[in-house]
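Visitor: Take a look at the following structure, please.
The values are calculated or read from the model by the stated rules, or taken from the named source; none is laboratory data. For clarity, every value in this text was computed on a predicted model and none was experimentally measured. Using ideal geometry, Cβ is built from the backbone for each residue, glycine included, and neighbour counts are taken over all protein chains shown.
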Amino acid sequence: MISYVNKLGNVSVGGSNPVRIMGILNTSPESFYKKSISTSRQRIVDAIHVMEYEGADFIDIGGMSTAPYLSTMVSEKTEANRIVNAVKIIQQKTNLPISVDTCRAAIANEALELGVDIINDVTGLKYDPMMPKIIEKYCPSLILCAYDKKIITGNQLYETKQLLKKSLEIAKSVKIPKTNIVLDPAIGFFRKKGRGHFFTKIDSDWVKRDLLILKNLNSIKLSRPILVSVSNKSFIGKILKKENPSARLAGSLTAEAVCVLNGADIIRTHNVAETKMAVI
């Protein structure tokens with residue numbers, strides 16, 4: 001399998017490059033993993049210093065939880081305030097590339113105006129009809145996740161690949177260079193039912209779907225590097241019978257190591273130091 005080199009911000013990913021680590025900073029109190037939440041200025045500064053010291057290559061900021069099993073929708077104003085505040089603080093403290101995790105165009109616009117390097121859209125540019133126009137305006141690096149608004153049936157590996165292809169077509173239509181794109185198979189975001197707005201409905205077992213994808217990462221790369229985010233997610237809790245996300249570290253590190261063995265180029269994680277030791 002050929003491995004392709006792209007860039008997220010100014011960092012080369014894929015190919016012969018080492019596995020890159022993306023540290024997660026959540027400014028949303030409703031996020032499922034409470035240890036990742038930093039809302040005050042000092043907590044944000046401390047979190048960034050720790051992640052940079054531990055070897056993160058990027059910082060991914062979330063201003064609204066997208067966990068499919070939680071009711072976590074907040075107003076665009078709230079999400080924007082959280083993101084803008086965090087971006088400004090982080091830019092004063094580090095030169096690491098900043099990714100903003102949002103699927104709403106207004107928030108992406110504010111972040112990109114501040115000079116953010118990467119937009120991480122868990123809906124692959126499909127949720128907000130204005131998102132492609134904002135992406136065209138600024139031409140950032142992109143993380144595109146598999147997503148659809150309608151129920152997905154049939155072979156989940158094939159369907160995931162098709163959903164990623166559709167997102168690539170949207171990105172191409174707004175002239176984003178293919179070298180600026182990384183793909184994400186959206187582990188944890190395919191469910192039979194949920195309470196959130198940002199997951200894809202399926203008619204099959206969601207844990208089996210996630211395990212199938214992780215086993216076959218190389219087959220869905222589509223000539224792009226691939227990012228995987230499994231840190232403390234519920235499929236790990238389901239398998240290990242660990243309801244508390246804070247009890248899932250061992251399972252997370254094992255899953256991340258498997259992802260790298262199966263072709264992952266970037267690991268997005270709550271546990272930068274531990275993940276780096278497990279996968280580098």
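Visitor: Please go through the stretch 244-274 and give me each residue that is outside any helix (DSSP H, G or I), surrounded by fewer than 17 Cβ atoms within 10 Å (Cβ to Cβ) and at pLDDT 95 or above, ordered by number.
Guide: If the condition is that a residue be outside any helix (DSSP H, G or I), surrounded by fewer than 17 Cβ atoms within 10 Å (Cβ to Cβ) and at pLDDT 95 or above, then Asn262 is the only one that fits.
Visitor: Could you check how many residues of the stretch 136-146 are under 17 Å from the mean Cα position of the chain (by Cα) and farther than 17 Å from Ser204 by Cβ?
Guide: Result for the stretch 136-146: 6.
Visitor: Limited to the stretch 47-64, what total is found for residues that are in contact with a strand residue (DSSP E or B) (Cβ under 8 Å, 6 or more places away or on another chain), assigned to a loop (DSSP other than H, G, I, E, B) and either buried (at least 22 other Cβ atoms within 10 Å of the Cβ) or not small (Gly, Ala, Ser) (or both)?
Guide: 3
Visitor: Restricting attention to the stretch 13-35, which residues are in contact with a strand residue (DSSP E or B) (Cβ under 8 Å, 6 or more places away or on another chain), modelled with pLDDT under 90 and of a type outside the set (S, T, N, Q)?
Guide: Pro29, Tyr33
Visitor: Consider only pairs whose beta carbons are under 7 Å apart and that are at least six residues apart or on different chains; among these, list those whose first residue lies in the stretch 169-196 and is closer than 21 Å to Thr269 by Cα and part of a loop (DSSP other than H, G, I, E, B) and whose second residue is at pLDDT below 95 and among the basic types (Lys, Arg).
Guide: Filtered contacts from the stretch 169-196: Ile187/Lys233; Gly188/Lys233.
Visitor: Only one residue in Asp205, Asp210, Asp184 is buried (at least 21 other Cβ atoms within 10 Å of the Cβ), of a type in the set (Asp, Glu) and over 21 Å from Val11 (Cα atoms). Which one?
Guide: From the options Asp205, Asp210, Asp184, the qualifying one is Asp210.
Visitor: Six or more apart or on different chains, Cβ atoms under 9 Å: show the pairs whose first residue is in the stretch 18-42 and over 27 Å from Val260 (Cβ atoms) and whose second is modelled with pLDDT of 70 or more and among the aromatic types (Phe, Trp, Tyr).
Guide: That search, which allows pairs on different chains as well, returns nothing.
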